[in-house]
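Report on the structure given below.
Bear in mind these aren't lab numbers, they're just calculated from the coordinates by the rules spelled out. For clarity, every value in this text was computed on a predicted model and none was experimentally measured. As a convention, Cβ positions derive from the backbone with ideal geometry for all residues, glycine included, and neighbour counts pool all protein chains shown.
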Amino acid sequence: MPTPSAVVSPNCETLFDYDAKLSRVAQIEAEMAEGGFWNNQEKAQATVGELKGLNALVKPIKDLDKSLGDLDALLEMAADEPEFAVEAASEVERLETVLADLELKGLLNGPYDSRNAIITINARDGGVDANDWADMLLRMYIQWAKKHDYDVEILDRQENEQAGISEATFAVRGPYAYGYLRGETGMHRLVRISPFNAEGKRMTSFAAVDVSPETNDDVEIEIKDEDVRIDKFCSSGAGGQHVNKTASAIRLTHAPTGIVVQCQNERSQHKNLAFAYKMLRARLMRLEEEKREAEMAAKYQSQAKTGFGSQIRNYFQHPDQRIKDARTGYGETHFQSVMDGDIQGFLDAVLQWRAGKEVAQGS
């Protein structure tokens, strides 16, 4: 069996365009050292985010390269002194895990994969159970983000009077957040004994998830003023005495696409308007990506599974506990662990599934 050193170089460095990324890291670090870098806060934060994304790949490769040099010496010692054999085998196993993780990150090669993600969850069929289910999904994604040191910002949350939420929009910010989460777009189905049914009947409920890349000033998305209707309304939910006294919340309706976004997170109407437009640009950018995927799928006589119309994952709490992805076949039997944010297995499986489809379409 080849050791990781036999395959990591030059293959790994070529896969990630390592030299180009190193050069970009040096360029960004030089920019950050210049005076006035933080004068434009939004641009500066986007640049820092890009640096974090680059370092998420560059640093592991650099560390792996150093560890491989140490491994070669350790293997030589193990050949002469058997007591080092166990340590060498353990190190080979560790480095193979690191390499497998890097190869998985190599699948995050979409044009927007390195960006932050904006996620919207909508309760669909199932009544109050669907509202509760949407809230459970919101918590699941937030827990996943926390486990991976991503930042989360709730942009809009519409409570349901009985339980759960009607809709929520939030941002997940960190290296390759969109690349990991974009495969979550679609319909999520839950089957369980309803806690809201007095007869204890089994209920099926649905929630729709949409994931878009967060946009920055470097992306040109044309939005004509005449195409957008702006509605102003009072914020709802927690927020103290300020809530419901001023029409600070903003809803944008984009006539050509029918896309509707709203933001009520900020007390300033101006800030809510600015972020609502950012959300709209993100949705439009995602729409363009869906069109490209659909065109490629049609070219190779395959159907793209994107958007709200596809049931991508089934969650069962009764009669047994299991979660299974309808696209990849990947499953888990620990329902509560998944609800507590342990969804990385599903995300990785979708990345591999997408890569397989691209290879099949290109062959």
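Among Tyr141, Tyr330, which comes first, second and so on when ranked by fewest other beta-carbon atoms within 10 Å? Ascending Cβ contact count within 10 Å gives the list Tyr330, Tyr141. Over 22 Å between C-alpha atoms is what I'm after, so list which of Lys146/Lys232; Lys62/Lys357; Lys21/Lys43; Lys232/Lys271; Lys291/Lys357; Lys66/Lys147 land there. Checking Cα-Cα distances, Lys146/Lys232; Lys62/Lys357; Lys66/Lys147 exceed 22 Å.
Taking other Cβ atoms within 10 Å as a rough exposure proxy, Phe233, Phe206, Phe275 sort from fewest to most as Phe233, Phe206, Phe275.
The phi-based Karplus calculation (6.51 cos²θ - 1.76 cosθ + 1.60; θ = phi - 60°) puts the 3J(HN,Hα) values of segment 313-329 at 8, 10, 10, 10, 10, 8, x, 10, 9, 6, 10, 9, 7, 6, 8, 9, x Hz, whole numbers, x for Gly and Pro. Only Cα sites of segment 61-110 enter the Debye sum here, all with the same form factor; the resulting log10 I(q)/I(0) across q = 0.25, 0.26, 0.27, 0.31 1/Å is -0.89, -0.93, -0.97, -1.11, listed in q order. Projecting the Cα atoms of Thr97, Gly49, Ala78 onto the charge dipole of segment 5-105, computed from C-beta unit charges around the Cα centre, puts Gly49 farthest toward the positive end. Rg then Dmax, both in Å and based on the Cα atoms of segment 5-105: 18.1, 60. Here segment 14-72 is assigned +1 on the Cβ of each Lys and Arg and -1 on the Cβ of each Asp and Glu. Its dipole about the Cα centre then comes out at about 160 debye. As a rough guide to protection, the peptides 253-263, 48-58, 113-123 ranked by mean Cβ packing within 10 Å, highest first, stand as 113-123, 48-58, 253-263.
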